[in-house]
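**Q** Right, I'll just put the structure down here and ask away after.
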Amino acid sequence: MDDAQVNPPRAVSRYVVPPLSASGGSLMTGPSALASLIGRTRARVLAEIGAAGGHTTTEIARRLLISPASASEHAYALRAAGLISTERAGVCVEHRITRLGRALLFAPGRGGANRSPTVSR
């Protein structure tokens, strides 16, 4: 007996499953979609860096009411993902949003390129 007789081919049905929100609804858009993807605090850090010309780690921590260690950790993750760049400025480092970070922050459904990014706490 060959393998085809023992295990006959089965019909395979294919269908597309649309993206769902966390609540099981339709596709998420806006600030909640970004926060769902990268986390609420990290999304706020990215939005803060994107809204300003650049921020030091200490400025991010103060503005978002998070610890400097947390701000540094979020900046590290965003930099590793290519969403921000970091340059030394004396004893501080300054973070700036990259093209990729801007594209994610201002993606369709997030308000367009002319809208200031906001991510709720």
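The values are calculated or read from the model by the stated rules, or taken from the named source; none is laboratory data. Quick caveat: nothing in here was measured; it's all calculated off a predicted structure. In this analysis, Cβ positions are derived from the backbone assuming ideal geometry, glycine residues included, and neighbour counts consider all displayed protein chains.
**Q** Just one of the numbered conditions (1) crowded, with 17+ Cβ neighbours inside 10 Å; (2) of a type in the set (A, V, I, L, M, F, W, C); (3) over 13 Å from the mean Cα position of the chain (by Cα) is not true of A52; which one?
**A** (1)
**Q** Quick test of your reading of the structure: L65 fulfils all but one of (1) under 14 Å from E94 (Cα atoms); (2) at pLDDT 90 or above; (3) not charged (D, E, K, R). Name the failing condition by number.
**A** Tallying (1) under 14 Å from E94 (Cα atoms); (2) at pLDDT 90 or above; (3) not charged (D, E, K, R), L65 fails exactly one: (1).
**Q** Select from the stretch 71-96 the residues that are in contact with a Ser or Thr (Cβ under 7 Å, 6 or more places away or on another chain) and small (G, A, S) and write down the one among them that is surrounded by the fewest Cβ atoms within 10 Å (Cβ to Cβ).
**A** G82
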